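What follows is a short report on a single structure.
The values are calculated or read from the model by the stated rules, or taken from the named source; none is laboratory data. Note that this is a predicted model, so its numbers are computed, not measured. We place every Cβ from the backbone using ideal geometry, glycine too, and count neighbours over all the protein chains shown.
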Ligand SMILES: [Zn+2]
């Protein structure tokens, strides 16, 4: 599933390619991909609009237009791709195509069909219809103080479940959460409320570093992710625990896989201890 670094990679690549371009009428190969408004209203509303810029909140790509906002969420297997000319013949999972008036084209391909697009009138609708339950972006909109304060407010719940909760903070998914917990030495089953101040600070720093590296390496391609030009990410070669069950951690222990918050979870039983002794708490 594309997470914050993958969506940010797409944003950075796509923005200079489509800024200033005007949408022609879109082609709806699978109209149910449109979450809002109805497919006819979506097509009519998008045709003739010009791209101003692209921003991101968590895993949402927010394409600001001269009138209205186009929003894309890739969910599990979605890819938003750009082509100068015709659509490639090999694209088996094409759901929507967005041709521009200059002949170039943006298209949405999605094997599992969970990805969605919205066309809203402005920032109020963006907030009320699309982002109602979505917290601040964990990379761009949350400083260390806010993170620690929000963490302290949570009375129950495992730290992994909390980081995956997009209402707490937007952007983290399964891969980067496992990597961040490993780098901060926290067991994924730890109750979030038992983190000391130092542990919470270390976790915040690990999140900043891991997400920045993920972006620097163009995201992680585990199965389906491709950037806007169809290229694979490179961060998978840097993963310390995710997808490495049975391999050795740098400490020599064997990486294990378990289930936490209903998700496959990779961790090192030596580097990530379940419970801290009371004297280590501050
Ligand atoms: Zn280890």
Scope region 212-227; condition closer than 19 Å to residue 88 by Cβ and surrounded by 20 or more Cβ atoms within 10 Å (Cβ to Cβ); matching residues = 225, 227
What do you reckon, is residue 229 within 16 Å of the ligand (Cβ to nearest atom) and touching a strand residue (DSSP E or B) at 6+ places or on another chain (Cβ under 7 Å)?
-> no
Output yes when any residue across region 160-179 is within 16 Å of the ligand (Cβ to nearest atom), in contact (Cβ under 8 Å) with a residue 12 or more places away in the chain, surrounded by 23 or more Cβ atoms within 10 Å (Cβ to Cβ) and under 23 Å from residue 257 (Cβ atoms), and no when none is.
-> yes
For region 8-62 the number of residues that are closer than 15 Å to residue 99 by Cβ and touching a helix residue (DSSP H, G or I) at 6+ places or on another chain (Cβ under 8 Å) is 5
Scanning region 232-279 residue by residue, the ones that are in a loop (DSSP other than H, G, I, E, B), modelled with pLDDT under 90 and within 16 Å of the ligand (Cβ to nearest atom) total 1
For region 13-25, enumerate the residues that are touching a residue at least 60 places away in the same chain (Cβ under 8 Å) and part of a helix (DSSP H, G or I).
-> 13, 14, 17, 18
Selection status of residue 95, in contact (Cβ under 8 Å) with a residue 24 or more places away in the chain, outside any helix (DSSP H, G or I) and away from the ligand (no atom under 16 Å from the Cβ) | yes
Say we look at region 66-82 and pick out the residues that are over 16 Å from residue 225 (Cβ atoms) and crowded, with 19+ Cβ neighbours inside 10 Å; which of these is farthest from the chain's Cα centre (by Cα)?
-> 69
